[in-house]
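Notes for the one structure printed next.
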Amino acid sequence: MKFSTSLSKLALSLLTLVVLSGYSDVAGQASGPLRLHPQNPHYFLYQNKPTVIVGSGEHYGAVVNLDFDYRKYLQATARDGMNTTRLFTGAYIEKLGDFGIKKNTLAPAEGRAILPWKRSNTAGYTLGGNKFDLEQWDDAYFARLKDFMDEANRNGVIVEVCLFSAHYGAGWNYSPFNPKNNVNNTNEVASVLVNTLDNGNILPYQEKYVRKIVQELNGYNNIYFEIQNEPWAESPDKVMTRNEYGPADDWRMQHQVVSQKSNDWHRRVAEWIIDEEKKLPKKHLISQNISNFSYPITEPDPNISIFTFHYAFPEAVYANYHLNRVIGFNETGFAGSKDETYRRQAWRFMMAGGGLFNHLDYSYSVGAEDGLDTSYEAPGGGSPALRAQFKTLRTFFEGIDFVSLRPDQLVVKAAPGSTTYALSDGRSQWVIYVEQLSVKGYPLTLNVPKGTYQAEWTDVVTGQKLKTTTVTNGLLSVPESSSDKVVVIRSSAAKK
């Protein structure tokens, strides 16, 4: 009996030691990985809470750029109320000055890039230093990657782990898979074929890389995998004119549709992720970047849980809502630097039924990881003020029962002088976002059942309540403020 009691005490002590020593690693991880919400798969469930993802982050180089202080960055991200960031994991980096970005975190200074593969003893990497050996992993890289993930987890930040990217022609010159940048005699292929199944002996190296990243990050709940950034930017199967009134050769005037070759390769990469995670404790969501602007998805891969668009329109959500997956807008830009432009893009998209929005924020750079530098030169925007407005969006959503809502394009019968986007449960709660175009505000005419309704207006810039009124005979007065606003309408019998 005495021996048994001693064993029991020893076991209890060991259990306590394990729990205490592992507490910091599992804090925030106990509820399982990010997943689709079981009641409404257009949104997420994370840490047992319905979740929308809203972010405004640096240009994806936080880990591969040794000069970037990601701890300071992630703390600033959390401080400003953002809950996501995108991360490129090393298959693609850029050169200083690319795309007109003067302070590009994805373009490390010479000798300051760290990628998943060890450097060889052979000089000649295009961006400086020795070539890579694709048969050997760089332990220092994976230590940095995991430290980044730990810091993200501590700060409540969900990480989009982006494995590959289009190369935009010139970017292939900097890739470790390019034969001139490694000692493994990979095949020389055209840039447009690298992320296809027709890439020669590069494919096995891509598979090893994907499986390694998946293995290393399996313990984290605060991630999902995106297969490739902007696959539609190289060799699209079809380019359709989006705006007949702009320059014909400007990509912003065109819908670029991802090629079938790319889609086939995406399916293979998704299979690698699924297969590798069969051997591992945790299963993570997989995202596929579909196109710029919008596109009705064809033959969706059942392994994909998140479909994302860049520079997205609300139509991207409407056209694909039937898929019952999260539709995301995960990169903004090329629309000037005004805060109001990107704030409106975010509200339009989320109020169309989107579940994920992430702004590319150029106020973050090496030496300015707190996001306070607005002196940047770049094809987009970003500022502390804009992040405060995104925080208002996230806070607003967290204050309503968004899981019960669906896009509602019928509730607003008339909106003179305004553009509107609406969500509703179809019975007792309607949420309408209003962009007032006219100088004077005009009442909205609503298609709601007969009854008594209370309407609470909020300024989307400041988050301040504007006024509470009632809907009378289907008419809703609009506050005099000319700024964008949102209204929550509830039946008198509905509970908040």
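The values are calculated or read from the model by the stated rules, or taken from the named source; none is laboratory data. Keep in mind that what you see is a predicted model, and the values were worked out from it rather than measured. As a convention, Cβ positions derive from the backbone with ideal geometry for all residues, glycine included, and neighbour counts pool all protein chains shown.
Just to verify a result, which residue in region 306-336, among those that are modelled with pLDDT of 95 or more and out of contact with any strand residue (DSSP E or B) (no Cβ under 8 Å at 6 or more places or on another chain), is surrounded by the fewest Cβ atoms within 10 Å (Cβ to Cβ)?
Here the residue is H322.
Pairs, please: C-beta under 9 Å, at least 6 apart or cross-chain, first residue on the phi > 0 side of the Ramachandran plot and in region 196-209, second among the β-branched types (V, I, T)?
Once the first residue is on the phi > 0 side of the Ramachandran plot and sits in region 196-209, its partners that are among the β-branched types (V, I, T) give G200/T186; G200/V189.
Within region 150-164, does at least one residue satisfy the condition of being β-branched (V, I, T), surrounded by 22 or more Cβ atoms within 10 Å (Cβ to Cβ), assigned by TED's automatic domain parsing to the domain that holds N229 and farther than 30 Å from L74 by Cβ?
Looking through region 150-164, none of the residues is β-branched (V, I, T), surrounded by 22 or more Cβ atoms within 10 Å (Cβ to Cβ), assigned by TED's automatic domain parsing to the domain that holds N229 and farther than 30 Å from L74 by Cβ.
Given the conditions (1) in the same structural domain as N473 (by TED's automatic domain parsing); (2) touching a Ser or Thr at 6+ places or on another chain (Cβ under 9 Å); (3) among the charged types (D, E, K, R); (4) farther than 20 Å from G336 by Cβ, and given that E398 satisfies all but one, which numbered condition is not satisfied?
(1) is the only condition that E398 fails.
Residues V194, V210, V183: which one is touching a His at 6+ places or on another chain (Cβ under 7 Å) and within 30 Å of T122 (Cα to Cα)?
Answer to the selection: V194.
In region 202-229, how many residues are under 12 Å from S291 (Cα atoms) and surrounded by fewer than 19 Cβ atoms within 10 Å (Cβ to Cβ)?
Within region 202-229, residues that are under 12 Å from S291 (Cα atoms) and surrounded by fewer than 19 Cβ atoms within 10 Å (Cβ to Cβ) number 0.
If L45 satisfies all but one of (1) without any contact (Cβ under 8 Å) to a residue 24 or more places away in the chain; (2) part of a helix (DSSP H, G or I), what's the number of the condition it fails?
(2)
Among the residues of region 287-317 satisfying the criterion of being touching a residue at least 60 places away in the same chain (Cβ under 8 Å) and not hydroxyl-bearing (S, T, Y), which is farthest from W251 (Cα to Cα)?
Of everything passing the filter in region 287-317, I306 is farthest from W251 (Cα to Cα).
Suppose the filter is touching a strand residue (DSSP E or B) at 6+ places or on another chain (Cβ under 6 Å) and either under 21 Å from N104 (Cα atoms) or not charged (D, E, K, R) (or both); does R348 pass it?
no
With the requirement that a residue be surrounded by 15 or more Cβ atoms within 10 Å (Cβ to Cβ), in a loop (DSSP other than H, G, I, E, B) and either on the phi < 0 side of the Ramachandran plot or not assigned by TED's automatic domain parsing to the domain that holds K413 (or both), what does region 459-493 give you?
Answer for region 459-493, where residues must be surrounded by 15 or more Cβ atoms within 10 Å (Cβ to Cβ), in a loop (DSSP other than H, G, I, E, B) and either on the phi < 0 side of the Ramachandran plot or not assigned by TED's automatic domain parsing to the domain that holds K413 (or both): V460, V461, S477, V478, P479, S481, D484.
For region 64-153, list the strands (runs of 3 or more DSSP E) that sit wholly inside it and hold at least 2 residues that are among the acidic types (D, E) and touching a strand residue (DSSP E or B) at 6+ places or on another chain (Cβ under 9 Å); which are they?
130-137
What is the residue count in region 262-307 for residues that are part of a helix (DSSP H, G or I) and closer than 18 Å to E331 by Cβ?
Adding up the residues that qualify gives 2.
Just checking, which of L134, L87, L96 is hydrophobic (A, V, I, L, M, F, W, C) and over 24 Å from N330 (Cα atoms)?
Among L134, L87, L96, only L134 is hydrophobic (A, V, I, L, M, F, W, C) and over 24 Å from N330 (Cα atoms).
Modelled with pLDDT under 95 and more than 30 Å from D67 (Cα to Cα): which single residue out of R427, R394 fits that description?
Residue meeting the stated conditions: R427.
Answer yes or no as to whether V269 is modelled with pLDDT of 95 or more, in the same structural domain as G328 (by TED's automatic domain parsing), closer than 17 Å to S165 by Cα and more than 25 Å from the chain's Cα centre (by Cα).
Against the criterion (modelled with pLDDT of 95 or more, in the same structural domain as G328 (by TED's automatic domain parsing), closer than 17 Å to S165 by Cα and more than 25 Å from the chain's Cα centre (by Cα)), V269 does not qualify.
Can you work out which of the residues in region 165-183 that are touching an Asp or Glu at 6+ places or on another chain (Cβ under 9 Å) and hydrophobic (A, V, I, L, M, F, W, C) is farthest from L285 (Cα to Cα)?
Among them, the one singled out is V183.
Between residues in region 318-331 that are at positive phi and residues that are surrounded by 16 or more Cβ atoms within 10 Å (Cβ to Cβ), which pairs lie under 6 Å by C-beta distance while being six or more apart or on different chains?
Between residues of region 318-331 that are at positive phi and residues that are surrounded by 16 or more Cβ atoms within 10 Å (Cβ to Cβ), the close pairs are N324/P41.
Please indicate, with yes or no, whether at least one residue in region 101-111 is closer than 23 Å to A346 by Cα and in contact with a helix residue (DSSP H, G or I) (Cβ under 6 Å, 6 or more places away or on another chain).
So far as region 101-111 goes, no, none of its residues is closer than 23 Å to A346 by Cα and in contact with a helix residue (DSSP H, G or I) (Cβ under 6 Å, 6 or more places away or on another chain).
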